[in-house]
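Notes follow the structure.
The values are calculated or read from the model by the stated rules, or taken from the named source; none is laboratory data. This is a predicted model, so every value here is computed, not measured. Because the Cβ atoms are built from the backbone with ideal geometry, glycine has one as well, and the counts that use them run over all protein chains shown. Only protein heavy atoms, including side chains, enter the accessible area calculation; ligands, DNA and RNA are left aside. Shrake-Rupley method; radii C 1.70, N 1.55, O 1.52, S 1.80 Å.
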Amino acid sequence: MTTDSTLPREDGAPTGVAAESAEPADAPRVRRKVSLATAIGNFVEWFDSGAYAIMSATIAGLFFPQYDKTAALLATWAVFAGGFIARPVGAAFFGRYGDRIGRNRMLALSVLCMSGSTLFIGLLPSYATIGIAAPVLLFLLRAVQGFSTGGEYTGASAFIMEYAPEGRRARYASVVPLTVGLASVAGALTGLVITSSLSEGALESWGWRVPFLLAGPLGLIGLYLRSKIDDTPVFRAMEQREAVQQSPLREAWRVCRRQVLTLFGYSITNAVGYYLMSSYMISYMSEEVGYTKSDAMLVGLVAMLAYSAACPFMAAASDRYGRRPMLLVACGGFAVTTLPVFWLIGTGLPGALVGSSVLAVFVAVIGTSNVPAMVEMFPGQLRASGSALGYTAAYVLFGGTAPFVATGLVTSFGSPLAPGFYLMGLAIVSGLVVLLSFAETLRLPLTRTTVR
């Protein structure tokens, strides 16, 4: 149990008799519990996106009429993007809830919503059974998932960082993007096993449901772990000082508008880069470039493994060099390497493995600095609301639509390199935002109640 003696001062330094004795002996154990609870809950939240992406081609055939395969696939990605429509509502709800009631209770509710809606997707009848009701229900359940995800990523980031020791914030926060990657790896492995071991008939009748049905028990585990941990020292300190805001969402937009817009400006590249890599690449390779489903899934699996492996190293670099330099490295890397990456993907399996891994590393670079930066740039009493506003808006407008836009660009321009131009252009915009508007956040105390 973390005690008040471990709370940071306003300047960010720990209180206590001496720095080395400021923490109780069980502080490392508490942080391990916090990291595990954050990891499991976040894993459940993002396993669904991986499952949906892996089964996208099968879902297109089961939930939409097959007059035109491209139209069915576009409709599938439209439903995927539709899940993002509810994200702003979820961000507003969970962000306000997290700043008023506490980070932990907000995260427990979000994982419950996510695991339940994902489970019900696995139980849905197909278009052949209930007609137009099938895609409508799929859209509604994706909306519930989006509502839940609206507060999860930013809430989990604030939760774990407010427990993290000074100088290691990004390394602790890397649990959040790392578990996103591991969830996608688990989803890819599940999809690879299912598609390679089942016949097409078995896959369409029941096999596609398996990844979604797994969310139920995983969600209960995450809920149990999160219910066993106290809220963060920072939030408890705000309660003691009576600094908790009653209208944090409105106040965040009023006093932190520059931070919200800056976060949005560089998060658009994070959002599109991640969803092109994790959700779009499998269907792109199988539908547009001509790879087999198994080869496409193998490339997706390797890319997510590269992303997951890179996260701890990129987070350590962020703690050493700062958020701003790493964000600039990521934006510059996307601007320079994205077109070669998409060209490599079209050259054959070895080139696809190399190209997708390069893309994955730059997604890790931007993601592991984005997480600590978006937590650090907002004062404690507005943190969940402010970060949810900027980050979620980027993912709604650009992340959720990335597969749909990429598929449309390939169809419109007749070039498999079209998605590369899209990501490259966004990276240039984000780089300019970081250069002109982002102030380094590495040394800012998380306990502050003022905007800097």
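Does region 106-198 come out rounded, prolate or oblate by the C-alpha gyration tensor, with a ≥ b ≥ c the root eigenvalues, rounded set by a/c under 1.5 and, if not, prolate when a/b is larger than b/c and oblate if not? It is oblate, given that a/c is not under 1.5 and a/b is not larger than b/c.
The 3J(HN,Hα) values that the Karplus relation (6.51, -1.76, 1.60; θ = phi - 60°) gives for region 147-152 are, in residue order, 4, 5, 5, x, x, 5 Hz. Gly and Pro appear as x.
Ranking Ser148, Ile132, Ile194 by how far each Cα lies toward the positive end of the dipole of region 83-203 (charges on Cβ) leaves Ser148 at the top. Structural descriptor for region 356-447: relative contact order 37 percent, calculated from alpha carbon pairs under 8 angstrom and at least 6 residues apart. Heavy-atom accessible area with a 1.4 Å probe sorts Val371, Val361, largest first, into Val361, Val371. The residue list Ile221, Pro350, Ala394 was ranked by how far each Cα lies along the charge dipole of the chain toward its positive end, using unit charges on Cβ atoms, and Ala394 comes out on top. Taking all protein chains together and a 1.4 Å probe, the residues Asp230, Asp99 rank Asp230, Asp99 from largest to smallest accessible area. For Arg448, the amide hydrogen comes within under 5 Å of the amide hydrogens of Gly380, counting only partners 5 or more places away or on other chains and with H modelled in the peptide plane.
Solvent exposure of the chain, expressed per residue, is 36 Å² of accessible area, with all protein chains present and a 1.4 angstrom probe. Mean residue ellipticity at 222 nm, helices only, the chain: -24000 deg cm²/dmol; runs of at least 4 DSSP H residues each add -39,500 (n - 2.57), and the sum is divided by the number of residues. Normalising the average separation of contacting C-alpha pairs (under 8 angstrom, six or more residues apart) by the number of residues puts the relative contact order of region 116-221 at 43 percent. Normalised by the number of residues in the chain, the average gap of Cα pairs under 8 Å and 6 or more apart makes the relative contact order 25 percent. Net charge dipole, the chain: roughly 760 debye, given to the nearest 20, about the Cα centre with Cβ charges of +1 for Lys and Arg and -1 for Asp and Glu. Taken about its Cα centre, region 240-386 carries a charge dipole of about 620 debye when Lys and Arg each add +1 at the Cβ and Asp and Glu each add -1 at the Cβ. Computed over protein heavy atoms with a 1.4 Å probe, the carbon and sulfur contribution to the accessible area of the chain reaches 68%. Between 0 and 90 degrees, the angle of helix 215-227 with respect to the longest Cα principal axis of the chain falls at about 0 degrees. Among the GluC sites (Glu not before Pro) found in region 156-260, those both in a DSSP coil and sparsely packed, with 14 or fewer other Cβ atoms within 10 Å of their Cβ, are Glu166, Glu242. Annotation: Val336 carries an accessible surface of approximately 110 Å², with a 1.4 Å probe and no ligand, DNA or RNA atoms counted.
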